[in-house]
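We did not get these values from a lab; they are worked out from the coordinates using the rules stated. None of the values given here were measured: they were computed from a predicted structure. Cβ placement follows ideal geometry from the backbone for every residue including glycine, while neighbour counts extend to all protein chains displayed.
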Amino acid sequence: MRTYLSLYFVFNSILNIAIAQHIALKNYLEQLKNDPDLKYAGISFYATYPKEKKTIAELNPYLNLSPASTLKVITTATAWSVLGGDYQFETKIEYDGEIKNNILEGNIYIVGTGDPSLGSDRISGNLTAEKLIEKAANAIKDIGIQKVNGAIVTDETYFEDDIIPRNWIWEDIGNYYGSPAYGLNIIENTYTLTFKTEKQGQKAELLDCKPKIPNLEFVNEMKVGSPNSGDQGFIFGAPYTYVRYLQGTLPENKGIYEIKGSIPDPPLFAAQMLHQYLVTTGISITQKPTTSRTTPIKSNNRTLIYRHLSPKLKYLILHTHLKSINLYAEALLKTIGKKKLGVGSTEAGCKAITQHWQSKGIDMKGVFINDGSGLSRSSAICAKKFVEILQVIYAEPWFKDFYESMSISGKQGYEMNMGPGTFLDGNVHLKGGYILRVCTYVGFMNDKNGNLICFAMLCNNYTCSITQMRKKWVDTMLHLAQP
């Protein structure tokens, strides 16, 4: 017993010394307070040893700031806790009416539950849209249907029709990263535009749109910028509308240059895809494809034809973290709302997430969650609250899998280039967040004594470049690693 007590006191002494010795980190945080690049900025930092819940250092720990994409960590952790890592989204093909003499007197339905990966080739083993449509069509043929006296109808009612978080900005929603989550998504709700960018100041020539979206029109006002100007091109347009305005600049002399936009009505496009495939393979359909939004569904007496399951939630979360996919986070948010409150909406999801962490003992007063991805600038959280949530995640039985799904400096994800050639390589599991004048990081790292640390660092409205701001946070992490 004395031996165990001695080891306990030795360990505690080492840890307390480590906490006390973060002098260089504390000095560096003082420098940040006086950094001219941060004179007009809001900055919040907090770090702890999660096992002991002992504070290492802090700077404005209660200052609420926009988290940008680091908010995804709260969404994905809630999803893992509420739904489970093995949860799968289900998409079904059904029909109503009767089949007589190989003629269906009724409709064929594509029934969604919000799967954000449906038809995407991003995840290994997931059926592409083409393979998915082919399988569905074969299943329809296998039950003897050769003609449909009706339509292909999508049932996307699993989520509410009020699909966009209300405080997303106009500049975002026409672009691929601004696609909301529908009750039925397809190919990540994304199309790709191809441009030719030859001479600065001239109009960028629009060459192609893939896939072809029926009735989608483009007003091309895109210009060619300087060679090093980067992608400053934007697509403007709202859901369910079929005119898109292309504005901004694309870099000169990049040959073929691509940008991505959000499909105006993904459920309708899914219906059009299945309709077209069936017609071209010999099945006639008397009515145009439609959706439950525009053609209210009258019959719930339907028969299952085909059932598709998404990859497991743990793999969707992996890609949400590594590629920071807003659509995946928004679909998880609405699914949490559906599971906990019976409503598949942004509002219900935000409420359910707040209630979930309150049930875990976190005081969520002052935490404002307005979407699942962090694209909304009205979401706000302070570093201390973020770390409190990370500490709860650390204690969960699924923590190891969640930890490994995050970006790892030097190895995987958007943050793999954090601190190359330094102690940070392979040693920091984190999520970053970037929107205009916002740079944030949250996650876990080991110090040089092997002690695990939870940290959150948020900065809004800095006046330096994003590269310079990233460097300040990398330096903070390097100081944090040194007891």
Query raised in the report: How would you classify segment 319-422 from its alpha-carbon gyration tensor, with a ≥ b ≥ c the square roots of the eigenvalues: rounded for a/c under 1.5, else prolate if a/b is greater than b/c, otherwise oblate?
Result: prolate
Query raised in the report: For segment 337-381 and segment 387-448, what is the separation of their C-alpha centers, rounded to whole Å?
Result: 22
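List, in the order given, every pair from LYS54/LYS365; LYS360/LYS384; LYS131/LYS288; LYS212/LYS260; LYS351/LYS385 whose Cα-Cα distance in the structure shown is over 19 Å. Let's see the in-between values first.
On the way: LYS54/LYS365 22 Å; LYS360/LYS384 16 Å; LYS131/LYS288 22 Å; LYS212/LYS260 13 Å; LYS351/LYS385 17 Å.
LYS54/LYS365; LYS131/LYS288, as the Cα separations exceed 19 Å there.
Expected output is a single nm value to one decimal: the length gained when fully extending between ASN417 and SER378, i.e. 0.36 nm times separation in residues minus the C-alpha distance. What is it? Spell out each step's value before the answer.
Values: separation 39, 0.36 × 39 = 14.04 nm, distance 2.89 nm.
Residue separation times 0.36 nm, minus the Cα-Cα distance, leaves 11.2 nm.
Can you give me the relative contact order of the chain as a percent, contacts being Cα pairs under 8 Å and 6 or more apart?
Working: 1079 pairs, mean separation 109.0, N = 483.
It comes to 23 percent, rounded to a whole number.
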Report summary line: Given the candidates ASN417, GLY125, MET477, the one whose Cα lies deepest towards the positive end of the charge dipole of the chain, counting +1 at each Lys or Arg C-beta and -1 at each Asp or Glu C-beta, is MET477
Requested in this report: Rank-order 226-236, 426-436, 258-268 by packing density, defined as the average count of other C-beta atoms within 10 Å over each peptide's residues, highest first.
Outcome: 258-268, 426-436, 226-236
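Let me check against my output: what whole-number percent is the relative contact order of segment 190-252, with C-alpha pairs under 8 Å and at least 6 apart?
Working: 133 pairs, mean separation 21.3, N = 63.
Relative contact order for segment 190-252 comes out at 34 percent.
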Query - Cα centroid separation - segment 285-330 against segment 18-96, whole Å - result: 31
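How would you classify segment 92-159 from its alpha-carbon gyration tensor, with a ≥ b ≥ c the square roots of the eigenvalues: rounded for a/c under 1.5, else prolate if a/b is greater than b/c, otherwise oblate? Working shown, then result.
Values: a/c = 3.57, a/b = 1.67, b/c = 2.14.
Here segment 92-159 falls in the oblate category.
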Query raised in the report: Going by a ≥ b ≥ c, the root eigenvalues of the Cα gyration tensor, does segment 170-262 fall in the rounded group (a/c under 1.5), the prolate group (a/b larger than b/c) or the oblate group?
Result: prolate
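Please give me the summed charge of the neighbours of PRO420: other residues whose Cβ is under 15 Å from its Cβ, Lys and Arg +1, Asp and Glu -1. Provide the component values of the computation, followed by the final result.
Values: positive: LYS411, ARG470, LYS471; negative: GLU415, ASP425, ASP475.
Combined, the nearby Lys, Arg, Asp and Glu give 0.
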Requested in this report: Please list, in chain and number order, the residues 5+ apart from LYS254 or on another chain whose amide H is under 5 Å from its amide H, with Hs placed from the backbone.
Outcome: THR197
Report summary line: Going residue by residue through segment 56-65, the Karplus relation 6.51 cos²θ - 1.76 cosθ + 1.60 with θ = phi - 60° gives ³J(HN,Hα) values, rounded to whole Hz and with x marking Gly or Pro, of 8, 7, 8, 8, 6, x, 9, 7, 6, 9
Query - Residue-averaged [θ]222 nm for the chain, counting only DSSP H segments that reach four residues, each worth -39500 (n - 2.57) - result: -9500 deg cm²/dmol
Report task. Give, as a single signed number, the net charge of other residues whose beta carbon lies under 14 Å from the beta carbon of SER378, with Lys and Arg counted +1 and Asp and Glu -1. Result -> -1
Query raised in the report: Dipole of the chain, Cα-centred, from +1 at each Lys and Arg C-beta and -1 at each Asp and Glu C-beta, to the nearest 20 debye?
Result: 780
Report task. Per residue of segment 336-345, in order, report the coupling 6.51 cos²θ - 1.76 cosθ + 1.60 (Karplus, θ = phi - 60°) as ³J(HN,Hα) in whole Hz, putting x for Gly and Pro. Result -> 4, x, 5, 5, 8, 10, x, 10, x, 9
Query raised in the report: With contacts defined as alpha carbon pairs under 8 Å and 6 or more residues apart, what's the relative contact order of segment 104-191 in percent?
Result: 47
Report summary line: About its Cα centre, segment 124-262 carries a charge dipole, from +1 on Lys and Arg Cβ atoms and -1 on Asp and Glu Cβ atoms, whose size in debye to the nearest 20 is 440
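Of the listed peptides 388-399, 168-179, what is their order by residue-averaged count of other C-beta atoms within 10 Å, with the highest listed first?
168-179, 388-399
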Query raised in the report: Using modelled amide H (1.01 Å from N, peptide plane; none on Pro or chain starts), what sits under 5 Å from the amide H of MET406, excluding residues fewer than 5 places away?
Result: none
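So what's the net charge close to ASP363: Lys and Arg +1, Asp and Glu -1, counting the other residues with Cβ under 14 Å from its Cβ? Walk me through the intermediate numbers first.
Details: positive: LYS360, LYS365, LYS384, LYS385; negative: GLU388.
Charge balance near ASP363 sits at +3.
Of the cross-linked pairs LYS72/LYS314; LYS92/LYS135; LYS51/LYS411; LYS33/LYS471, which ones have a Cα-Cα span greater than 21 Å in the structure shown? Display every interim value, and only then the final one.
Numbers: LYS72/LYS314 14 Å; LYS92/LYS135 12 Å; LYS51/LYS411 25 Å; LYS33/LYS471 16 Å.
Checking Cα-Cα distances, LYS51/LYS411 exceed 21 Å.
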Query raised in the report: So how much slack lies between GLU221 and GLU130, counting 0.36 nm per residue of separation and subtracting their Cα-Cα distance, in nm?
Result: 29.5 nm
Requested in this report: May I ask you to evaluate 6.51 cos²θ - 1.76 cosθ + 1.60, the Karplus curve with θ = phi - 60°, for each residue of segment 396-402 and list the ³J(HN,Hα) values in order in whole Hz, giving x for glycine and proline?
Outcome: 6, x, 9, 4, 4, 5, 5
